[in-house]
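K.L.:
The structure under discussion is supplied below as structure tokens; questions concerning it will follow.
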Amino acid sequence: MNTVHVSQVRLVRLDGGGRWLNFMILGACLLYGQSVYAHGSVVDEGDQCIIKIGFYQAHFTIYQPRSGGHDEYCEDLPETGETVFVIGYLHDSLREVLVDFRIVRDRNSIGRFARYEDVLALDLEQDSVFYQPPLLQSDAVFTVLHRFQEPGSYIGVVTAGHPTKNEVYRAVFPFEIGRFPWEYVMWFVFVVALVGVLLWLRFVHFAPPPPLQS
């Protein structure tokens with residue numbers, strides 16, 4: 001009588017081990033969500049974007065009135081041309097402090113992980129495409145108008161002081177203009193592949209069945 005071993009795929013529940021796989025799947029989804037909807041200090045909260053300047057928060061909206069009409073953008077912009085940045089203060093103390101706004105060209109291709117230290121490494125005199133000197137906005141709305149001439153990668157920096165202390169807070173946000181968002185596509189493909197592998201590990205594993213007697 002011969003013993004025959006047949007390799008086959010069978011569905012199993014990974015009980016204890018499956019829990020950490022569930023966490024990994026959730027983490028992968030959250031990772032993709034953060035990569036798409038969060039750029040530096042600007043966060044997409046669904047129906048509105050929020051910019052965080054230290055402990056301050058403000059509504060953040062971008063318009064391209066000539067090409068996009070009343071369409072609202074959080075960061076990445078489809079075209080060059082006339083662009084309006086609107087920051088609506090959510091903290092009353094922002095009305096009492098000077099706020100400035102700078103846009104620099106991202107010549108070092110830092111991208112979404114840009115920090116203020118990366119901005120300082122640039123030549124601000126040469127790489128700044130726009131600078132609004134400090135303004136006091138008692139109406140709680142800070143508006144900037146700039147006409148972008150070239151597509152590419154840029155970094156925005158918003159600086160605000162403290163009403164009573166000698167402290168300075170900054171928000172740094174990278175954004176793209178007039179470029180297809182290949183980075184989002186690559187992130188999507190990566191996360192879909194990762195989730196697929198994790199799901200396969202979650203529900204399927206190879207194991208030999210009991211030997212068949214013949």
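The values are calculated or read from the model by the stated rules, or taken from the named source; none is laboratory data. Please read all numbers here as calculations on a predicted model, not as lab measurements. Glycine also receives a Cβ, built like all others from the backbone with ideal geometry; neighbour counts cover every protein chain displayed.
K.L.:
Can you tell which of V84, V119, V97 is among the β-branched types (V, I, T) and under 21 Å from I62 (Cα atoms)?
P.N.:
Going through V84, V119, V97 in turn, the sole match is V84.
K.L.:
If you don't mind, another one. When residues of the stretch 69-113 are filtered for being among the aliphatic types (A, V, I, L, M), over 17 Å from C49 (Cα atoms) and either within 22 Å of the chain's Cα centre (by Cα) or part of a strand (DSSP E or B) (or both), how many remain?
P.N.:
The qualifying residues number 4.
K.L.:
Something else now. Spot the failing condition for R66; the list is (1) touching a Pro at 6+ places or on another chain (Cβ under 9 Å); (2) not in a strand (DSSP E or B), and only one is missed.
P.N.:
(1)
K.L.:
Further question: Pairs, please: C-beta under 8 Å, at least 6 apart or cross-chain, first residue under 18 Å from P174 (Cβ atoms) and not assigned by TED's automatic domain parsing to the domain that holds V141 and in the stretch 61-75, second surrounded by fewer than 17 Cβ atoms within 10 Å (Cβ to Cβ) and of a type in the set (F, W, Y)?
P.N.:
Correct list of pairs: empty, since none qualify.
K.L.:
Shifting gears a bit: Which number in (1) of a type in the set (V, I, T); (2) free of Cβ contacts under 8 Å to residues at least 60 places away in the same chain; (3) surrounded by fewer than 17 Cβ atoms within 10 Å (Cβ to Cβ) marks the one condition that V84 misses?
P.N.:
Looking at each condition in turn, V84 falls short on (2).
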